[in-house]
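Novice: Structure provided below as structure tokens; questions to follow.
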């Protein structure tokens, strides 16, 4: 075993893995011998069972052309790993033909275990994507590499490209604009002449303040029979939504769905350089989940929304199978969930009439953090503006009825009632802004352990519908409070992250408990200390992002976490998230059962088990740090 371990440490990219992971790999290796001149793999024919690591001897790899001539010949010797690109890129078929040029010994690793390593370690995975990129610079090599067929099932590299493409790589249109005083009919003429469906409106200082689209003209002019001599400022739409050229395409699409805008301004170095439409972005993602999100937006009934939500497990499975990162899958689930909630809210308002006061519908917990899974319940609340005494009862009566109807419909769609009662349906969580300020003040200033444990979910609150200024005022209030001495609150918030003990025995084995015939761990509880400790650090540093990954990035930017600590926590958290989503999707699709958060340890590969042990050690180390920083008691 020691010889194999020492050898693996010399093999790229296995050299980037920890000793514990490599010891797990050693147990999985099978020795295979090939005699001289053995045809081992045939290009585009042989289905790869896994990858080969050459120990002794030599592989000759090449492409056959149409006349059976060898092309792009390469010789690989001791320490070379063959098959990674074929498994990841080419639907498990060997990219090239391979012959043993000498009597050759290889260590064989099954593709299941190889993929587990790729999923658990980004540096390991990116070695293969990087190697592919370098090889494709060779025109002859690129000529013979057959492109994957249209299905992207199990095509990690293709999905990596799809979700790593940046806005700067797209073709976007020039901005066409008019002044705010331009008559409506003249603006329409400009749109016709420029062949654009969107005209931006500028004020006297040349600042873009709104836009006019084909739909604006239909809804705000024709439908209302507005005089076309009026200035376009009287009928324009807003707000303006923009995104930087360095943002990712998938982020732009999600932003469009979240803000309901059909046009995004492209920004570079603080200047607007172009515009892109939602239709343009979606047309480039024809096989992506974003087209499904668009179909959710077009649903016309609660029953239709229910059917849409039932399709989400299939989408999650497809994305995870393609190698899409768990944090992106979370965002897709959250965007579908938000879209459904918005449709329900709007349908209730249409039914009961316009609200008698400005308000915000906010979501909490995992939904507030944009980390929803397929086992999700409702966590929401309502804040409405303060009104004079004579109107208070009327306003409260409206919002309690409104909240009840929204919660009932969401429950019917598939978002079950919160067992803890943290819903707007509960009168405790539908109140005026001043009442909510008193809530947060008491939670922070009169803090006891039970308060933090019960109400920490309210510090993951996120705006979803209504008057955003109300949410902004609440956040400003929280910011002011967090600048006051709050040692007890931060002590209990930090201590909250210590309540879960990573399930490792004294000998670093995973501690399980029995559930039926299974030996399981609770994957949700395993993730909880990361959520809790990152939330505690975020509040201490007055960071009001709610997503765990975004909080981590902000903390790294502030110097609270080093790059190494940031990477350790990010990889640990989203590896656990990926396991959790895979299990839940499998339960819904394959078992036709309700999803839960239990993972049978025996269902995991050895690599996955070793990776879990590494993650639990990471969590334990961070818990030790938080003891020092928040409780000032390393051994308490």
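Novice: Could you go through region 179-194 and let me know if any residue there is surrounded by 12 or more Cβ atoms within 10 Å (Cβ to Cβ) and in contact (Cβ under 8 Å) with a residue 60 or more places away in the chain.
Specialist: No, region 179-194 contains no residue that is surrounded by 12 or more Cβ atoms within 10 Å (Cβ to Cβ) and in contact (Cβ under 8 Å) with a residue 60 or more places away in the chain.
Novice: Show the residue pairs meeting these rules: Cβ distance below 7 Å; 6+ apart or different chains; first residue within region 307-327 and more than 16 Å from residue 376 (Cα to Cα) and not assigned by TED's automatic domain parsing to the domain that holds residue 415; second residue at pLDDT below 80 and part of a helix (DSSP H, G or I).
Specialist: Once the first residue is more than 16 Å from residue 376 (Cα to Cα) and not assigned by TED's automatic domain parsing to the domain that holds residue 415 and sits in region 307-327, its partners that are at pLDDT below 80 and part of a helix (DSSP H, G or I) give 315/289; 319/289; 322/156; 322/159; 323/156; 323/159; 323/160; 324/159.
Novice: Sticking with this one: Go through region 381-400 residue by residue and tally those that are in contact with a helix residue (DSSP H, G or I) (Cβ under 9 Å, 6 or more places away or on another chain) and not in a helix (DSSP H, G or I). Working first, answer last.
Specialist: Restricting attention to region 381-400, the residues satisfying the condition of being in contact with a helix residue (DSSP H, G or I) (Cβ under 9 Å, 6 or more places away or on another chain) are 381-387, 396, 398, 400.
Within this subset, residues satisfying the condition of being not in a helix (DSSP H, G or I) are 381-387.
Qualifying residue count for the region: 7.
Novice: Looking at (1) over 30 Å from residue 115 (Cβ atoms); (2) touching a residue at least 60 places away in the same chain (Cβ under 8 Å); (3) assigned to a helix (DSSP H, G or I), find the lone condition where residue 403 falls short.
Specialist: If we test residue 403 against (1) over 30 Å from residue 115 (Cβ atoms); (2) touching a residue at least 60 places away in the same chain (Cβ under 8 Å); (3) assigned to a helix (DSSP H, G or I), just (2) comes out false.
Novice: For the list (1) over 18 Å from the mean Cα position of the chain (by Cα); (2) more than 20 Å from residue 375 (Cα to Cα); (3) in a helix (DSSP H, G or I), I need the number of the one condition that residue 554 fails.
Specialist: (1)
Novice: Restricting attention to region 298-311, does a residue exist that is buried (at least 16 other Cβ atoms within 10 Å of the Cβ) and under 19 Å from residue 545 (Cα atoms)?
Specialist: no
Novice: On to the next question. I need the helices (runs of 4 or more DSSP H) fully contained in region 90-148, keeping only those with at least 1 residues that are in contact with a strand residue (DSSP E or B) (Cβ under 6 Å, 6 or more places away or on another chain).
Specialist: Details: elements: 111-120, 122-135, 139-144.
Filter on region 90-148 gives 111-120, 139-144.
Novice: Does region 342-353 include one or more residues that are part of a helix (DSSP H, G or I), buried (at least 17 other Cβ atoms within 10 Å of the Cβ), touching a strand residue (DSSP E or B) at 6+ places or on another chain (Cβ under 8 Å) and not assigned by TED's automatic domain parsing to the domain that holds residue 570?
Specialist: Scanning region 342-353 turns up at least one residue that is part of a helix (DSSP H, G or I), buried (at least 17 other Cβ atoms within 10 Å of the Cβ), touching a strand residue (DSSP E or B) at 6+ places or on another chain (Cβ under 8 Å) and not assigned by TED's automatic domain parsing to the domain that holds residue 570.
Novice: Search region 557-602 for residues being part of a helix (DSSP H, G or I) and touching a strand residue (DSSP E or B) at 6+ places or on another chain (Cβ under 8 Å), and hand back the single one that is surrounded by the fewest Cβ atoms within 10 Å (Cβ to Cβ).
Specialist: Here the residue is 602.
Novice: Which pairs have Cβ atoms under 6 Å, sit 6 or more apart or on different chains, and link a residue in region 365-380 that is assigned by TED's automatic domain parsing to the domain that holds residue 431 and in a strand (DSSP E or B) to one that is surrounded by fewer than 24 Cβ atoms within 10 Å (Cβ to Cβ) and modelled with pLDDT under 95?
Specialist: Note: pairs meeting the criteria are 377/416; 377/418.
Novice: May I pose another question? Within the group 296, 249, which residue is modelled with pLDDT under 90 and farther than 30 Å from residue 469 by Cβ?
Specialist: Details: 296 fails: farther than 30 Å from residue 469 by Cβ.
Residue meeting the stated conditions: 249.
The values are calculated or read from the model by the stated rules, or taken from the named source; none is laboratory data. This structure is a prediction, so every number in the text was calculated from the model and none was measured. Note that we place each Cβ from the backbone using ideal geometry, even for glycine, and neighbour counts take in every protein chain shown.
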